[in-house]
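Novice: First the structure, which I've put down as structure tokens, then a few questions once you've had a look.
The values are calculated or read from the model by the stated rules, or taken from the named source; none is laboratory data. Computed from a predicted structure; not experimentally measured. Because the Cβ atoms are built from the backbone with ideal geometry, glycine has one as well, and the counts that use them run over all protein chains shown.
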Amino acid sequence: MAFEGLTEKLQQTFKKLKGKGKLSEKDVKEGMREVRLALLEADVNFLVVKDFIKKVTDRAVGGEVMESLTPGQQVIKIVKEQLVELMGSAPSRPVFSSSGVTKIMLVGLQGAGKTTAAAKMAKYFEKRSGKSPLLVACDIYRPAAIKQLHVMGEKAGIPVFSMGDKGKPADIAKAGLAEAKKNGRDVVIIDTAGRLHIDDTLMAELKEMKEKVVPDQVLLVVDAMTGQDAVNVAQAFNSRIGIDGIFLTKLDGDSRGGAAISVKAVTGKPVKFVGTGEKVEDIELFHPDRMASRILGMGDVLTLIEKAEQSFDQKKAAELTRKLKSQQFTLDDFLEQLRQVRNMGPIDQIMGMIPGINKGKMGPMEIDEKELAWVEAIINSMTPAERNNPSIISGSRRKRIAAGSGTRIQQVNRLLKQFEQTRKLMRQFAEMGKGPKKGKPGFPFI
Amino acid sequence: MQERQPGLIPRFMEGLKKSREDIRKKVDRVLSLANKPDPEMLEELEEALITADVGVGTSLEIIEALNERIRQDRSLTGEGVREELKSIIREMLDDERTEAVPEDTATVILVVGVNGVGKTTSIGKLAAHYKHRGKKVLIAAADTFRAAAIEQLEVWGQRAGAEIIKHSEGSDPAAVVFDALGAARARNAEVVICDTAGRLHNKKNLMEELKKIQRIINREAGDCSRETYLVLDATTGQNALVQARMFKEITDITGIILTKLDGTAKGGIVLAIKRELDIPVKYVGLGEGMEDLQPFDGKAFAQAFLG
């Protein structure tokens, strides 16, 4: 049994459903069996799955689908709607205390990624919300945890407050608050030690800290790879400490993150942030609808666009559009484009967001970042005239370019072919953009 | 624990109470009826296995095997069914205790895994374990990536009384391992344990780096016996199977260290891993203390699993 992502599983299931004109109760049941299996393999808690399947089946069999012209799509829609509902319908924007300092406490099991999450949040608030955060190191148990936060803080350019590992965590947190007030920091993020939800002493310690600090938010940090036990953990932290939201980490792995669904379902608390990589910038707001789309193989176009907007230079983009329209797209532009795409992050992550690209079928992602370096070398070995007009690149020029860039002629050929294809594709996109809707639609009544 | 939270579906809470129960209690409940086994009982047992992260496929297989035994012995009731289930799980895990380090040859142990599973802590405990058995232990601090990983390992090294070979943060991990093996030869160390940075198994470049480390060990470790342990967090779900598969492709995994078994997670995924990839569990982590790493015992595991 090969492991396949939930996306592929569901795609397969619905392909079967799509093939039929009308759906019988039996079809729906069969489809749901596969959905159940897929959700369980994605680590969604089995009680949540039961509930989910029942709801979808009720809606699907209850006529809504039968009368629809495209029953398969209707089922997909229902599954997606229910998934979104399970995960919370809207992304939650960060909320800051209106009076003074916003206090955020991070709690969770060992190894969930609290320290990294703390640094990422701090960086995010500074960059996106214009805040000046302070990190407070309250993990007095794990060897070198305080040092780790200091190093992370340094990388993020955020100050870190610590008092060694001798004091009581609640007192350190208090002192951290005072320090923040003194230095005009307006967000305090408190990193705590990882602990088991059944460890009474350590849970009591967290409770004490919460009472002393009175945080605006307590976030439970949950590893996206967590299995069925996620519900127990979330339930325990919520009932004993009380949490306000969830920080889902390690979403850059290939786990489907079913834990996100489970945890939301048992605590009723929303996932607020997701961690998507090793770097301090690798943090995103959680978008339930996008996540549902991703799970269902509809791609995550919105995140892709957002990433593109962040990393693309607006001026260059406008210039590119102009060139595309006038069909002057050159190899220089091609290279520039590649560089910009690279700015968006690791290629395999970006690929995962594009609808229709089936990661499982492509095998382990074999897109090598080194490949891009070769492309760069090849283009750099061309003369300006060649870059502007690749059609002049004859056999002997190809030989020279290959020698100059340390590649083989086949690689040069492949690149030129790719370029030609891209140019064609770009032209098509440009044509599409010339439709009647140009710019923002105006208000018809004003 | 009986607090009800507003806004939650009552049916769901009802269900949760059930899942909060330990799998053992659940099995108790199913089997206590002393009834003849019926399809409903089997289904509930299957659910119990799924709740323990055994996975759908493996759970089904276990239940089918159980059903076969029930068919063969129609006199089985509750307690008998439990014993059969236990023995199936035990057999799956190869009921034999395995001690990794042979008495007479030196051993090099490479420790790998994704982020946050407890590699560094496990290494500290492993070092103490071998030290306790009178071995000279050397640790290679080859997690040069994570902030303060080297410092963390140093604390563990001090506690265990093991020497650490380290470079600075950000240096080439393969070079650290190379140096450690050289130092081990010079100082006649009997056990060398190599820490590595946590890496998600789907990151190609990081996995390539690991391949290089394994290559260095294979080349430099001479006559030493070699072990590569994959550290798995018992809390991890089905993704652990993917982790095991990918790490096995890159390195010569010889065993698993299953950590954080002192929580409520049961680590049932090791059954699926054993079944699919035939990788045995060698040690289990049961707490934060120095002595909380113990050699794996299939019998005890099955016992703890089902009561």
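Novice: Taking B:Val231, is it crowded, with 18+ Cβ neighbours inside 10 Å, touching a Phe, Trp or Tyr at 6+ places or on another chain (Cβ under 6 Å), under 26 Å from A:Val233 (Cβ atoms) and not assigned by TED's automatic domain parsing to the domain that holds B:Ile88?
Specialist: It is false that B:Val231 is crowded, with 18+ Cβ neighbours inside 10 Å, touching a Phe, Trp or Tyr at 6+ places or on another chain (Cβ under 6 Å), under 26 Å from A:Val233 (Cβ atoms) and not assigned by TED's automatic domain parsing to the domain that holds B:Ile88.
Novice: Scan region A:30-39 for residues that are touching a residue at least 24 places away in the same chain (Cβ under 8 Å) and either within 17 Å of A:Val84 (Cα to Cα) or more than 9 Å from chain B (Cβ to nearest Cβ) (or both) and jot them down.
Specialist: A:Gly31, A:Met32, A:Glu34, A:Val35, A:Ala38, A:Leu39
Novice: Here's a follow-up. Could we say that B:Leu85 is farther than 30 Å from A:Glu278 by Cα, modelled with pLDDT of 90 or more and surrounded by 23 or more Cβ atoms within 10 Å (Cβ to Cβ) here?
Specialist: Yes; evaluated as a whole, the condition is true for this residue.
Novice: Could you list, in sequence order, all residues of region A:196-240 that are touching a Gly at 6+ places or on another chain (Cβ under 6 Å) and among the aromatic types (Phe, Trp, Tyr)?
Specialist: none
Novice: In the list B:Thr196, B:Thr259, B:Thr251, B:Thr228, which residue meets the criterion of being within 14 Å of another protein chain (Cβ to nearest Cβ) and β-branched (Val, Ile, Thr)?
Specialist: Exactly one residue qualifies, and that residue is B:Thr259.
Novice: I need a count of the residues in region A:123-177 that are of a type in the set (Ser, Thr, Tyr) and not in a helix (DSSP H, G or I).
Specialist: Within region A:123-177, residues that are of a type in the set (Ser, Thr, Tyr) and not in a helix (DSSP H, G or I) number 3.
Novice: Let me ask you something else. Looking at B:Val176, is it more than 14 Å from chain A (Cβ to nearest Cβ), within 15 Å of B:Thr196 (Cα to Cα), modelled with pLDDT of 95 or more and touching a His at 6+ places or on another chain (Cβ under 9 Å)?
Specialist: yes
Novice: Going through B:Lys248, B:Lys282, B:Lys274, B:Lys260 one at a time, which residue ends up being more than 21 Å from B:Ala127 (Cα to Cα), at pLDDT below 95 and either outside the structural domain of B:Ile193 (by TED's automatic domain parsing) or out of contact with any Lys or Arg (no Cβ under 6 Å at 6 or more places or on another chain) (or both)?
Specialist: B:Lys274
Novice: A follow-up question, please. Take A:Lys120 and tell me if it is out of contact with any Cys (no Cβ under 6 Å at 6 or more places or on another chain), free of Cβ contacts under 8 Å to residues at least 40 places away in the same chain, under 27 Å from A:Leu196 (Cβ atoms) and assigned to a helix (DSSP H, G or I).
Specialist: no
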